[in-house]
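The values are calculated or read from the model by the stated rules, or taken from the named source; none is laboratory data. Please read all numbers here as calculations on a predicted model, not as lab measurements. Here the Cβ positions follow ideal geometry from the backbone for every residue, glycine too, while neighbour counts run over all protein chains shown.
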Amino acid sequence: MRRARLARGKKGKPGSAKRRLVSTGSGSSSSKHHSMVLALYALNHPEVLRKCEGVLELGAGAGVTGLLVAKACGRPADVVLTDGEHHVLELTRRNIEANFKEDGRPSCEYLRWGENVAEFRDKVGTFDLIMATDVLYCPEALEPFFTTARQLMSSKPSAQLLVSHTNRSYVPHYKVRKAGSKCGFKCTDIPLQSIPGCAEMSRATAADPRHPLLQRMQVFRFTLKSSIRADPSS
Ligand SMILES: C[S@@+](CC[C@H](N)C(=O)[O-])C[C@H]1O[C@@H](n2cnc3c(N)ncnc32)[C@H](O)[C@@H]1O
């Protein structure tokens, strides 16, 4: 797979790919690994992408995960990147334009969790795969995040939500599982070691103090519990 190129920032200079990076949104190089983790998972499960009619990223930031998956799935126009900050979406849009031709590129849309989700669903559609990387760092965000995902997935019984999360003291892994369960999701843990490429990345960065988050990262796969799937009002 060709590596997604990120748009050049105001201070960037043409030349190396490194210089073309604006930022991954959080300014942390661990964030790039976060994005890689979910993308690697998706790439290693081609059956997931093959069956997908639509892929959505929540809290896309610069859009690294969505861009990588859009490159890999072969149908970039079926990928929608969202964020709840207009200024962030500006960066997302520039990165899309820098990496895809106009006649087949992912789109990006404003979506703030818990706000006007039904309207968003009516306009943009429903999705088989929803992804989110490094977005759950505020405990208050958990409930709107999961209710938004539920609303976007409820009419597709086989839809799944993939979340890569860093264990943090204020949002530890168990709270993510618990919040998902409270909102009607069944959770499966996907250890990094089980994702080809991630174990190596984790080992390679273990001794590197610039990558402390990778060691505390975990992927969760959420699917809707059958009681929620059967309830059309959910
Ligand atoms: C740490 S950044 C991660 C960005 C990207 N997923 C990545 O891994 O590089 C978190 C992103 O989530 C978005 N976000 C945070 N809270 C949100 C909310 N309530 N609704 C929508 N987006 C939100 C932020 O605007 C930001 O772009």
Test: residue in the stretch 211-220 that is at pLDDT 85 or above and loosely packed, with under 15 Cβ neighbours inside 10 Å
no
Unique residue being surrounded by 22 or more Cβ atoms within 10 Å (Cβ to Cβ) and among the aliphatic types (A, V, I, L, M) when the list is Ala149, Ala199:
Ala149
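Of these, Ser164, Ser158, Ser169, Ser234, which one is modelled with pLDDT of 80 or more and over 20 Å from the mean Cα position of the chain (by Cα)? Break it down stepwise before answering.
Details: Ser164 fails: over 20 Å from the mean Cα position of the chain (by Cα); Ser158 fails: over 20 Å from the mean Cα position of the chain (by Cα); Ser234 fails: modelled with pLDDT of 80 or more.
Just a single option satisfies the conditions, and that option is Ser169.
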Within the bounds of the stretch 30-48, is there any residue that is β-branched (Val, Ile, Thr) and within 13 Å of the ligand (Cβ to nearest atom)?
yes
Which residues, taken from the stretch 115-161, are touching a residue at least 40 places away in the same chain (Cβ under 8 Å), within 11 Å of the ligand (Cβ to nearest atom) and outside any helix (DSSP H, G or I)?
Met131, Ala132, Thr133, Asp134, Val135, Leu136
Please indicate, with yes or no, whether at least one residue in the stretch 187-195 is at pLDDT 85 or above, in contact with a strand residue (DSSP E or B) (Cβ under 9 Å, 6 or more places away or on another chain), polar (S, T, N, Q) and part of a strand (DSSP E or B).
yes
Answer with yes or no whether Glu90 is more than 16 Å from the ligand (Cβ to nearest atom), surrounded by fewer than 18 Cβ atoms within 10 Å (Cβ to Cβ) and part of a helix (DSSP H, G or I).
no
